[in-house]
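The structure under discussion appears below in the form of C-alpha cells.
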Amino acid sequence: MESEQQPRPELGHGPHFTQEQLQQFLNDQTPAPLSEAIESHIDHCTDCQSIMDRLAEGSLAVVDQLRCIEPGMLDAETTTRKGPDPRYTTDDDEVALRPDSPFQLQKLIARGGMGAVYLATDQRLQRQVAIKVIRQEFRDQRENARMKQRFLREATISGQLQHPGIVPIHELGQLKDQSPFIVMKLIRGQTLSELLRNQSDRFEQRQLLEIFRQICNAISYAHSRNVIHRDLKPKNIMIGDFGEVQIMDWGLAKYQSDESQLPNDPFNFREPFTATTDETISGSSEQTNPGELTRAGYVIGTPGYMSPEQAVGHQVDTRSDVFALGAILLQILTGTTPNRLANSSDGNRLNEVQSHLHKSDTDPLLAQLVRECLDPNPDRRPQSAKELNDKISDFLNLADERLRKAEIQKAEAEAQFDAERKRQTQFTWFSIAISIFLLLALVSSLLFLTERNARLSAKLEVETAEIAEARSTENRIQNNYLEASDFFGRATNEPIAQQVSLLNQALIALSRSNSEVDEIENRDLQNRFKDLKRKIEDRVFQANQRELQEQRETRFVIGHQKIYSQSKMPNDSMEMTASAKVEQDYRSLFQELGIGPTVDPTQIKTLYHQSAIQNEVFDGLTVWYRQTRLLEPESEKNLWLRNVIRAVDPDPFRNELRDLIEQNVTASELPLDDPRALESVRSVILLASHLINLDAFSDQENFLTAAHRYHPDNFEINWQLGTLAQVQVKPKRPEKALRHYLACLALEPDNPGVLLNVSRCHLELDEEEEGIAFAEKFQKVAPDYSDAYHNLATYFFELQDIRTATKYGKKAYDVRPTSQVSALYGLMLVAGGRRSKGFKILKEGLLADPNSPSLLEASCRAFLIARKLDDTIEMADRLLALPQYSIDPNLLGSVSYTLLDYGKPVESKPYFERWKKLAPEIPDPSLGLVKIEIVRQDYDAAEQLCRQAVRDFPNNSQPRFLLAQLLMKSEKFDQSLEVLKGLAEDEDQSYKALRLIKQVQKAKQESAPLGNEESPDEDQDNRSPKRCP
Amino acid sequence: METSVSLLNRAKVSRNSDAWKRIVEIYEPLIGNWLRKRSVAERDVLDITQDVLYALSTSLNDFEHNGRRGAFRNWLRFITVNRARRHWQKNKNQSTDSSLTEELLEQLEDPNSDLTRQWDEEHDRYVLARIIQLITPDFDPKVMEAFQRVTIHGQSPAQVAQQLDISKGQVYKYKYRVMQRMISEAKEIIDAEVTSPSGKE
C-alpha cells in the first residue's frame, strides 16, 4: 500500500494520500519515510491541504467565530506578534515581468484578498488588458503551484464559455519569480459590490434588476455548459460603464457531471481549490475519487452567498448557484448583505429574509422569488439559473407592460380631456353639460375597466404569492408546534430538573414561530399553537413552584434532622426545657412548608401527599404533637395536630392505638404483642413513645426487643433499646447498650448523641481507650459540647485519678463552662488541693446560675472537704430550698455527720431529719438523731429514739449495739447485757457483742465507785458503723 | 482515535470536579458581564448569575445536545431568561433601577432578535477564547503560536511555516492538534464533533 502511495519526487505531482493517511500524519502516527513523502507532497497539493484543514476543523460550526476573537481576549503572552501584520503589508514591487514579456504594466486597478489586478498594455496588439497576479506576500514557490492550478482552471473554463456576460481570458503567464498571472479583457466599470455600496449614484431598482437579469442570463449560459461557478458574489461581478455585466473569477468553477469536458491537465490536478482568502472558505471532507472528479465533498465559497449544501460540503449543482443568485437579488432589493445572515440556522435565515423583504416593501412576486432561491432545500428552489432568468424576465416584462399600460391610459385620458376642451366652445351649455356627463361616464367606465383588469391581475399575482408564502409559514409553524409538543409530552413523569429542561426546549421550538403565528389564516393551528404555549408556560410556572417547594423541603429535612439529632444529645439545663424548644423549632419549620394551626387538616393531607418527604414530615408532625401534648394538652394546637396526624396517616389500627394512648391507658392495656403493632415502624414508635411517657421502661424494653426483630436496622428502635439498657432499666447493661448504639452508628456515623453514648458505654465497661477515642470523635462532630470530656472527667474522678480527671475537667471547662462542668471541675480542683481556684470557679458558676443543683451540690461537697461548716450549711439550705429537686441522700448524710462531728449537733438535727425522710430504709439518720441527744446528754430522749430505731430496723444490729451502749451509759447494765446477749447469738455480731458484754460487766462491777464513764472509742465506733472491724 | 471526555461531560460527573469549576469560571463572567452590559444592578447580577449557575448545576445532567446548532447556548439563554424573570418577580418591589426589562427578556427569548444574535456571538467568541486559554498551558508555546496565527490571525500555513521556521506539515499538525483538543473539550458547548477517520457519508 505504502509503496503505491509514494509520491514521485518532483514538485507535488504524486498521487494523493487517503484521508486516513493524512489523519495518521496529523496524529504523528506515520513512519518516517512516508511522513517525509507526505510533508513534501502537501507542500504543493491543495487537495490534501484542504483535507487536513477539514480534518482539523472537524464539524466545529463556529469556526468562523475564531477569526472574531480579539487578541485581547486571550492571554497577552500567547499573542505575541512580531512586526507588522502581514495582512496589511504592501509591496510596490509586486509585479516584476520578465524582460521579454509583451505586457507593460501601467497601474494597479484593484486589490483583493489574495490577488491584485493591474492595468497593462499588450504591446503586440496595442490593446489594454487587465492582469491578475497573486499578491506579493502570498507568493512563494509553494503557493505558485497552487495558484497556477487555479488560474489555469479559470482560464480553461472561461475559455470554453463564450458569452458576453463572462469575462474573456486572453492568456496565462509567469512573472519573473515564477508566480503565475492571468491576462483578461479590461473592463472599465465597477464591481456590483461597489455599485451597491455607493448610495450616491444608486441605480434605479429597475436598472439593478436588469443587471441581475443579465447575471442570470450569463450564469444560465454557464449552466447550459454544465459549469457551476460556485463563488458568485457581488465582488465577482463587474458592471461596465455601459451597464454590461461581466462575471469574473471562475477559479472555483467546476463541471457539474460531465468529466469529458475537463481539458487535458498539464499540472496534473484533480480538483481545483481556492486559497483561503479573507472571505472565501475552502476545504474538503473527502478524498476525491479519481473516477468521479466532480463529486461532492468540498467546501468552497463565501459565507452568506454559499448554499447550505455547499457549506456542509455536500454535492453542489446548479441550484447552489441559484442560491447565491438569490442572495444577490436579496441584496439588490433590500440592501442587506447576506453575510449578516450567514450565521443563522436555515429556518431563522428565511424568517430574517422575510422580515428584510417586508421592511423594504419589495414587490411580492420578487419577494417570493428571493425566498424560493434561498430555500435551504434545493428541490424547492428554481432548478437552474435559466428558470430564475425566465422568472426575472417575466417580471420585468410584466412590470414594463404595467408601466406601458399605465402610460397609455394616462395619454389616452389626456387626449380625451384635450378633445373635450376643444369641443367645449361649439356646444350650448345644455348640450355641453350632457356631453360632458356622457363622456365622463364613458371615460370613467373605460378607465375603470382597464384599471380594474390591471389591478385584478396584480392582485391575483399578489394573492398567489401570499398563499404560497402562507403555506410555507404554516408548515414551519406546524413543524415547530410538533417539535414543541414532542418535548412537552416527554416532560411528563420526569424529575423536575429534566422537566424544566425539556419544557425549555419546547419553548425554544415554539419561539421560532412566535412572531409569525399571528400572521397565518389557519385559526385551528393558531389556536393549537397558542394553547400549547400556554400549557407549557403553565407547566414551567408549576415546575418553578415545584422547585421552590423542593428547596423548602430540603430546608425542612435539614432542620428536622437537626432537631432529631439534637434530641439525642444531653439536655442543657441552661436553656429552656427541651420540649418547649423542640415545639418552637417545629412550629417555625412547618410554617415554612405552609403548615400551621390555621390550615385545615384535609388541606395538609393534600400537601402531604404531594410532598417528596412524607416520612420526615410525618415524623416531624408526631414529635411536634407529642411536645404539645406534654406542654399544653388539650390546647387548640394540640387538637389540631391530633387531627392532622390522623388525616395524613389514616391507618385504622394506628388510630385505635392513638385512641388508647389519648386515654392514657397503662402498658398492660396496650396491644404490645399484636403483630400489627410490631410490623410497622410508625406503630412501634407510637407505642414506645407512649411507654416512655408512662415510665414503663421494662415494658418498653420488652416491646422494642420484639420490634427489633422486625426492624433490626431502625435507628430509633436501636437508640431507645440502647438508652434503656444503659440507663433506664436496672441492672445497667452497658454491653447490650453498646451493641444497639453501634447499630445506630452504622446508620448515622456522625450522630453526636450516639458517639457520646458509645463513649460512655465503653467507660462503663472500663474500656478506657475506646471511651476516650469516641469521646474525641464526639468532640469533633459537636465541638460546642463539653459532654464527652465531662464524662471522662467524671470517670477518672470516680477512679480517684484526680490528675487525669482534672485534665479532662479543664478541657470540658474550656470548651463550654456549663454549670455541670464548672461544678465538676471546681469540685475536682478543691479535692485535688487547688482550693482557691476551685472555689473561684464554683463561685463564678453560682453567680451565673445561682440555682444550679449541680453547682450547689459541688459547692456543698467542696465546703465539706474544706470543713467550712457555715458555707456548707448555706449551700445545703439552698439545695433543699430548690423546688422539684431531690438531694442526694449521701450528701445529706455527709453534711449531717460532719456538722455533728465538728461540734454543731443542734445545727445537724434538721439535716438528719431530712435525711431520715429521704432514706427511710437505712438506720443511719435515726442513729444520728440518737447521737445528737447523747451529745446533749439527754439520755432518756436518746434511749426513746434508739428503742424506736431498734423497732424500725429489727434486722439491723446497729441500733441494738447503740442501745446497749446507751443503756450502759445510763447504768442500766442488765438491760444492756440483755440486748447484747441477743446480739451475741448472731454469729456475725458475736465477737463484737461478747467484747461489749465484757465491758458492760466490767462497768457494772465498777459502777458504784466510778459512776458514768464512757469510752470515747466505743462511741466513735458506733457513730460510724461502717468502720467497725 | 482518541476520544477524550469533554469539559461538559466531566462536569456532569461531579459538581465538585475541576471541570465544573471551569464551567463556572467560564459562564459566571459571561452571564455576569452580559447582564452588566445591560446595566443590571450589581446586586441583581450576582443573584441572577448565581441562580443561573445553580439551575445549570442541577439540570446539567439532563442537558442533551439535540443536534441543533447552538443547543447549549440556547438552553443557557432560556435558563437565563427564566431565572432573570423569576428574580424580578421575587423582588418586584425592590429593584426598579435595572434596565433588563421584560421587553428585553422577551427579545432574548426570541431566537430571531438582534439581542439573541448578540448573545450567540458573545457566547461563541467568549467560550472559544476561554477554551483556548484553558488548553494553552497544555501545549508547547510554538504549537499554540502556529495555531493562533493560522486560525485567529488568518495567516496562510506557508507564511506561518516560514515565520516560525517549521515545515508546513508541522503547521497543519499543530493546527490539527489544538483544534482537536479544543473540539473535544468544548464539543457540546460550541457544537462540534471530533472528526472520525471514516469521515462523512
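Quick one: 3J(HN,Hα) in Hz for the range A:975-981, Karplus 6.51/-1.76/1.60 with θ = phi - 60°, rounded, Gly and Pro as x.
Per residue, the Karplus-derived 3J(HN,Hα) values read 4, 4, 5, 4, 4, 5, 4 Hz.
Between B:R43 and A:R528, take the C-beta separation as r, use R0 = 41 Å, and let me know the FRET efficiency to the nearest 0.05.
0.45
Within the range A:478-507, find all residues whose amide N lies under 17 Å from a label point positioned 7 Å from the Cα of A:Q551 along Cα-to-beta-carbon.
A:496-498, A:500-501
What full-extension length gain, to one decimal in nm, is calculated for A:R676 and A:D241 as 0.36 nm per residue of separation minus the Cα-Cα distance?
Additional length available on full extension: 146.2 nm.
Once fully extended, how much extra length lies between A:N27 and A:S360, figured as 0.36 nm per residue of separation less the alpha-carbon to alpha-carbon distance?
Length gained, A:N27 through A:S360: 114.7 nm.
Between A:E537 and A:L482, what's the calculated FRET efficiency when r is the beta-carbon distance and R0 is 25 Å? Round to 0.05.
Taking R0 as 25 Å, the efficiency between A:E537 and A:L482 is 0.85.
Counting Lys and Arg as +1 and Asp and Glu as -1, each charge on the Cβ, what is the dipole of the range A:763-888 about the Cα centre in debye, to the nearest 20?
So the magnitude is around 720 debye.
Taking the alpha-carbon distance from A:K185 and a cut-off under 27 Å, which lysines remain once sequence neighbours fewer than 8 residues away in the same chain are dropped?
Here the lysines satisfying the reach criterion relative to A:K185 are A:K107, A:K132, A:K148, A:K176, A:K233, A:K235, A:K254, A:K386.
What are the ³J(HN,Hα) couplings of the range A:799-812, residue after residue, when phi is run through the Karplus curve with 6.51, -1.76, 1.60 and θ = phi - 60°? Round to Hz, x for glycine and proline.
7, 6, 8, 4, 4, 5, 4, 5, 4, 6, x, 5, 4, 4
Taking the beta-carbon count within 10 Å as an exposure proxy, list A:K176, A:K916 from fewest neighbours to most.
Listing A:K176, A:K916 from fewest to most nearby Cβ atoms yields A:K176, A:K916.
Please compute, for peptide A:495-508, the average count of beta-carbon atoms on other protein chains lying within 10 Å of each residue's beta-carbon.
If you average over the peptide's residues, the count of other-chain Cβ atoms is 6.
Length gain on complete extension for the stretch A:Q174 to A:L396, per 0.36 nm per residue less the alpha carbon to alpha carbon distance?
75.4 nm
Once each part is reduced to its C-alpha centroid, what is the distance from the range A:764-816 to the range A:625-701 in angstrom?
Between the Cα centres of the range A:764-816 and the range A:625-701 lies a distance of 37 Å.
So if I take the alpha carbon set of the range B:141-187, get Rg, then get Rh from the Kirkwood formula, what is the Rg over Rh ratio?
0.98
Going toward the positive end of the dipole of the range A:516-558, with +1 on Lys and Arg Cβ and -1 on Asp and Glu Cβ, which of A:L532, A:T554, A:N522 do you reach last?
Going by the charge dipole, the pick is A:T554.
Calculate the spin-label point distance for A:E1006 paired with A:Q256, positioning each point 7 Å from the Cα along the beta-carbon direction, and give it in nanometres.
15.1
With label points built 7 Å along Cα→Cβ from the Cα atoms of A:V727 and B:E103, find their separation and express it in nm.
6.8
Taking amide hydrogens as modeled 1.01 Å from N in the peptide plane, which residues meet the under 5 Å criterion relative to A:H170, leaving out close sequence neighbours?
A:V183, A:M184, A:K185
Give the average, rounded to an integer, of partner chain Cβ atoms located within 10 angstrom of each Cβ in B:111-123.
3
Quick one: if the Förster radius is 22 Å, what FRET efficiency do B:Q50 and A:Q610 give, using the C-beta to C-beta distance and rounding to 0.05?
0.20
Quick check: from the Cα gyration tensor, does the range A:739-825 come out rounded (a/c under 1.5), prolate or oblate?
Because a/c hits 1.5 or more and a/b fails to exceed b/c, the range A:739-825 counts as oblate.
Taking the range A:860-940, how much of its Cα-Cα pair set, in percent, is spaced more than 23 angstrom apart?
17
For the pair A:E735 and A:L880, how long in nm is the line joining their label points, each one 7 Å along Cα→Cβ?
It works out to 4.4 nm between the two label points.
Read the figures in this text as sums done on the coordinates, not as results from a lab. As the structure is a computational prediction, the values presented were derived from the model and not from experiment. Ideal geometry is used to build each Cβ from the backbone, glycine not excepted, and the neighbour counts take in all protein chains shown.
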